[in-house]
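Here's the structure we're looking at; comments come further down.
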Amino acid sequence: MADMTLNDDLIFRQIEIGPMANFVYIIGSKATREAAIIDPAWQVRDLVKIAEEDDLRITKILVTHTHPDHVGGEFGGQSIEGVAELLDLCKAKVYVHKSEVPYFKSIPSSEIVSTDEHTSIDLGSTTIQFIHTPGHTPGSQCFKLSDRLVSGDTLFIGACGRCDLPGSSPEDLYFSLTQKLMKLDEETIVFPGHNYTPPQKSTTIGAEKAHNPYVRFPNKSAFLAAMGY
Ligand SMILES: [Zn+2]
């Protein structure tokens, strides 16, 4: 089921939003008109409007990791709209890795679903598998659905997420990249968390294996040395 090619029921939208070139994703079911939104931040009313234009109802909020540019919150002296504001506009559950649940102090626990590497959910006839990919943050997770992977700030086109931030772990990031993501089918289409290499907005696991220097180091020590450790 999880490895089937893009099915007829799936609606998949990639939306660039906000001043940091974030990508938000809306995944919908044509049959049930339900939608999951990944990393809603910045103008959340606009995101709801985009879903409504597709006749979709947002019932699930999926979080790749809890940095404010992905989920809202205080950042650099400004307040970014995000998950909390979206919950005022739609009745949805928030899926966040168990290690980052404490970030959402202001959200009632009944609205939070704590996830781990065994979590998978169904949206219409599409199964979304959660892959725990710590490194950029402890609870970073990627979402695999159909022939696609939404990779958050773990894997970018030709690059990987920063691992010099509070809570980052370069060793974990190396493991997540090489032992988890690079083990996926080479045809898997990768959709990252930022538009850092326009006009290209997606890649494949095979292309990253061939060209991304961060997944091509011969061993962990070489990766750590390149990252400054
Ligand atoms: Zn981040």
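A few points about this structure:
- The chain: angle of helix 44-53 to the longest principal axis, Cα-based, in degrees nearest 10: 70
- Peptides 135-142, 173-180, 8-15 ordered by average Cβ neighbours within 10 Å, highest first: 135-142, 173-180, 8-15
- Checking the cross-link pairs K91/K209; K98/K183; K91/K180; K30/K105; K60/K105 against a 29 Å limit on the alpha carbon distance flags K91/K209; K91/K180; K30/K105 as lying beyond it.
- Per-selection Rg to Rh, the chain - Cα, Kirkwood hydrodynamic radius: 0.95
Rule-based calculations on the coordinates, nothing more; no lab input. Treat the numbers as computed from the prediction; the structure is a model and nothing was measured. Please note: Cβ atoms are built from the backbone with ideal geometry, for glycine as well, and neighbour counts cover all protein chains shown.
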